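Beneath this line is the structure, given in structure tokens, with notes to follow.
The values are calculated or read from the model by the stated rules, or taken from the named source; none is laboratory data. Note that the structure is a prediction, hence the values are computed from the model and not measured. Every residue, glycine as well, gets a Cβ built from its backbone with ideal geometry; the counts of neighbours run over all protein chains shown. In case anyone asks, the SASA skips ligands and DNA or RNA and just uses the protein heavy atoms, side chains included. Shrake-Rupley method; radii C 1.70, N 1.55, O 1.52, S 1.80 Å.
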Amino acid sequence: MRIVVAEDSVLLREGLVRILEFHGHEVVGQVGTAVELLAAARELTPDLVITDVRMPPGNSDEGLRAALELRAEHADLPVLVLSQYVEQTYAAELLSSDSASVGYLLKDRVGDIEVLAAAVRQVALGGTVIDPQVVRQLLARNRERPTLARLTARERQVLDLMAQGQSNAAIAANLSVSEAAVAKHIGNVFDKLDLAVAPDIHRRVLAVLTYLRETS
């Protein structure tokens with residue numbers, strides 16, 4: 001794959017490039033700021049983008065914002081975000097899209113070459129990769145253990161397809177129903193799983209995590 005890497009730490013960036021090239025990928029762009037990431041991705045049209053959350057010039061969430069902007073322009077662009085710490089709001093925002101091909105990994109995982117390589121493959125193939133520590137902390141925000149037994153058979157079908165990373169449109173096509181019907185089913189899932197609306201919690205993510213937890 002052709003990949004753009006955005007990381008302000010030169011040492012980590014070089015390490016990522018070496019790992020990716022070792023696995024047969026072509027790193028077509030290496031940048032150290034969010035502004036450079038946007039420019040490189042638009043010019044080079046990579047197959048996948050890897051970026052840090054915190055990037056210059058502000059060193060807050062510029063890398064994530066750039067990734068979300070690129071996804072808004074190209075919804076099918078695979079994006080793998082790396083973070084030094086579990087930042088729940090950022091993770092939920094990235095994963096909030098009903099598109100697939102997104103990942104959120106802690107930088108500690110980068111030390112495991114095979115974990116990183118597997119994450120790159122999975123995101124590129126349309127999957128969703130969530131760091132286990134992120135999963136634990138997002139689930140901790142909803143400690144009451146809802147049961148999937150509350151859902152109807154159709155709602156379970158919809159939730160199963162959500163867990164596969166399918167968008168509302170894809171779910172509608174798969175089940176031969178309208179997108180409005182899918183949205184209604186999803187709303188029912190949220191209600192029955194007691195997933196309350198909150199500014200820094202994305203209910204779609206928590207619904208999928210609940211499904212994975214209770215069916216694993």
Q) So is Val31 β-branched (Val, Ile, Thr), more than 9 Å from Ala6 (Cβ to Cβ), open to solvent by 10 Å² or more (accessible area, probe 1.4 Å) and modelled with pLDDT of 95 or more or not? A) no
Q: Evaluate the following for Tyr90: is it part of a helix (DSSP H, G or I), modelled with pLDDT under 90 and open to solvent by 10 Å² or more (accessible area, probe 1.4 Å)?
A: yes
**Q.** Some residue of the range 203-210 being modelled with pLDDT under 75, within 20 Å of the chain's Cα centre (by Cα) and open to solvent by less than 50 Å² (accessible area, probe 1.4 Å)
**A.** no
(Q) Among the residues of the range 142-169, what is the count of those that are within 24 Å of Gly126 (Cα to Cα), in contact with a Leu (Cβ under 7 Å, 6 or more places away or on another chain) and at pLDDT below 90? (A) 1
Q: Among residues belonging to the range 108-141 that are open to solvent by less than 30 Å² (accessible area, probe 1.4 Å) and not aliphatic (A, V, I, L, M), point out the one that is modelled with the lowest pLDDT.
A: Asp131
Q: Would you point out which residue out of Arg42, Arg54 is crowded, with 17+ Cβ neighbours inside 10 Å and of a type outside the set (A, V, I, L, M, F, W, C)?
A: Arg54
Q | Odd one out for Leu70, checked against (1) within 23 Å of Leu12 (Cβ to Cβ); (2) part of a helix (DSSP H, G or I); (3) modelled with pLDDT under 85; (4) hydrophobic (A, V, I, L, M, F, W, C) | A | (3)
Q. Taking the condition under 21 Å from Ser167 (Cα atoms) and either at pLDDT below 90 or assigned to a strand (DSSP E or B) (or both), does Leu77 pass?
A. no
